[in-house]
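Chemist: Sharing a structure below in structure tokens format, with a few things to ask.
Here, each number is a calculation from the coordinates, and none is a lab measurement. None of these values were measured; they are calculated from a predicted model. Quick reminder, even Gly has a Cβ in these numbers, built from the backbone with ideal geometry, and neighbours come from all protein chains shown.
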Amino acid sequence: AFILGFALKDILANFFSGLVLLIDTPFSFGDVVALSDGSRAVIKKIGLRVTTMYLIDSHSEIYIPNANFQGENIINLSRPTSHYYYTISIPIKGDVDPARAISLMEKVVLAHPDTMGELEGKLEAIDNYYGHSGSGVKQKLKREVGRMRLLAEQDVTRMLLKIEMSLKQLSEF
């Protein structure tokens, strides 16, 4: 039993750390993170045992056992909290209805996939308002990729809610 427990220690630690990462979701697919060594990476996959990241500087993939994340300080650069904001000045003619102007600005900002907001509203806004700030490089492709990322985030959120409910029901027994 001791030998089996010792052999399975790392596997079980990585597995349970993977469950915690999937439930707590400190980061998700596509998030850009800064690792404790200063390198920046994009999250490609969060597995039950290993998290796969793409290291931006070295153009390579790294596989980190999930148990290693417990002692690491990882900064998620893609997910600001609601405590942080950025202010910009937008000139508007004096005869424009302020409520309508504010509503339009909110929808344009919400249309960017990296801004915070309710997923349903973001999906609607990305279809109607993404790219209204001007024509950009590969604008249509960026809109589709942003939409796909939001849909993937929505699916992950649904699955995590199911897992959370299942764990809650399991703990009630």
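Chemist: Could you tell me the calculated FRET efficiency between SER89 and LYS162, based on Cβ-Cβ distance and R0 = 25 angstrom, to the nearest 0.05?
Modeler: Efficiency for this residue pair is about 0.05.
Chemist: Once both labels are modelled 7 Å past Cα along the beta-carbon direction, what's the LEU55-ARG147 spacing in nm?
Modeler: Distance between label points: 3.6 nm.
Chemist: Once you have the Cα-Cα distance between LEU35 and GLU124, take 0.36 nm times their residue separation minus that, and quote the gain in nm to one decimal.
Modeler: Between LEU35 and GLU124, full extension yields 28.7 nm more.
Chemist: Taking other Cβ within 10 Å of each residue's Cβ, how do ASP155, ASP95 sort, fewest first?
Modeler: The most exposed by this proxy come first: ASP95, ASP155.
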